[in-house]
Amino acid sequence: MHRKYFFVILALTFFFLILILIIFGQKFSFTKPQENIRADHSPFRTSISGVGIIEPKSGNIYIGIPFNRIVKKINVSVNDKVKKGDILFQLDHQDLTAYLRIKQKEYEKTLANLHKLEELPRKEDLIIAQEALKKAQIALNESKVQYEMANNLSNPRAISKQEHDKRFYRYQQAEAELGEQEAKFEKLKAGTPQSELKIALHEVEQAKAAVEATDSKIQSTYIKSPIDGTLLQIKIHEGETPSSDPAKVAMILGDIDEINLRVSIDQYNASILDPNMPAIALRQGDHFTQFPLEFIHIEPFMVYKKYLTNSVDEKVDTQVFEVLYRIAKNDSRLFIGEQMDVFIDVGKK
């Protein structure tokens, strides 16, 4: 009995299995397979293929923003030719200008103080000090005479002891006053001490450095072109406050009088490539116009592959080395950043 049920269940299992295979077989028979095969348009019998990205002779120069400020004025447009040092755009710096005026006043004040100390002693100050010294000397002489008169009296009781002591103290006071005026005169005559001049000079240098630092910051709000080149892209607008993040780019420029092609080649072809091998580039979508390439150099640092050729035997998880070529036939229809198919003739190695 159990054996009978076993055969029935087995038969049903085979039936459903065949039914499932038939259904899925029909489904896949009507699905067109995705083709990931790119036709090889190489003009050479045997060649190395790669992907090239067009870049200016100077490379792409990315202009950033040093700090967060409002874009006050943009002086250039896309495709404009600029010279090295030309102002590309200007950031607002009204607060810095006001701060600079404050620092300039502080600098002028410290400088004036230094000049004042350097000019000491002044002639008029010496005259005043001399007159004060004479006055102190006269006062001393007078008090001395009065005190000596009290001491030389034939009758000591002619004046009171209080008057005698008063004349003595006046004499001592005049003597001390004369010593003080003499010390002041000598100090004034010697001029400003070197220690005070050094402090004043340090204050001047500090104030001058603050002025220069502020002025330098103002100058950095004028973003200038580092090379002779052409504006390729502008990513900012007047009135906005772009980020000062180094990853953010305000403008891109480059020297496009000559254009180069940065070609990525699989590391497996490193031993095959020779700088003297002929190479050509084709625009993607135009396999008739060839662009001869002139070898410049091979960059020694390998990077991970970013661009694919869509070849059926292409390796994806690999590294590439970059070869820089010059495009011998400059064509105005070529775009910076355009991707091109590159073929290198291996048959003439």
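Could you list, in sequence order, the residues of the stretch 49-99 that are surrounded by 14 or more Cβ atoms within 10 Å (Cβ to Cβ) and assigned to a helix (DSSP H, G or I)?
L96, Y99
State whether one or more residues within the stretch 227-245 are of a type in the set (A, V, I, L, M, F, W, C) and within 29 Å of Q319 (Cα to Cα).
For the stretch 227-245, residues of a type in the set (A, V, I, L, M, F, W, C) and within 29 Å of Q319 (Cα to Cα): absent.
Pairs under 7 Å by beta carbon, first residue free of Cβ contacts under 8 Å to residues at least 24 places away in the same chain in the stretch 74-94, partner among the hydrophobic types (A, V, I, L, M, F, W, C), six or more apart or different chains?
N75/I87; N75/L88; N75/F89
For the stretch 120-133, give me each residue that is surrounded by 11 or more Cβ atoms within 10 Å (Cβ to Cβ) and either without any contact (Cβ under 8 Å) to a residue 12 or more places away in the chain or of a type outside the set (A, V, I, L, M) (or both).
P121, R122, D125, I128, Q130, E131
Tell me, please, whether a residue that is out of contact with any Phe, Trp or Tyr (no Cβ under 9 Å at 6 or more places or on another chain), exposed (fewer than 13 other Cβ atoms within 10 Å of the Cβ) and closer than 30 Å to L120 by Cα can be found in the stretch 158-179.
yes
Checking the structure you have, find out if any residue of the stretch 194-217 is more than 30 Å from S143 (Cβ to Cβ), surrounded by 13 or more Cβ atoms within 10 Å (Cβ to Cβ) and at pLDDT below 85.
no
Could you check the stretch 242-349 for strands (runs of 3 or more DSSP E) lying wholly inside it with 1 or more residues that are at pLDDT 90 or above and over 30 Å from D86 (Cα atoms)?
It comes to 259-266, 279-283, 286-298, 319-327, 339-345.
Can you go through A174, A158, A183 and tell me which one is in the same structural domain as A210 (by TED's automatic domain parsing), in contact with a helix residue (DSSP H, G or I) (Cβ under 6 Å, 6 or more places away or on another chain) and modelled with pLDDT under 90?
A174
The values are calculated or read from the model by the stated rules, or taken from the named source; none is laboratory data. Predicted model only: the values in this text are computed from it and were never measured. A quick note on method: Cβ atoms are made from the backbone with ideal geometry, for glycine too, and the neighbour counts reach across all protein chains shown.
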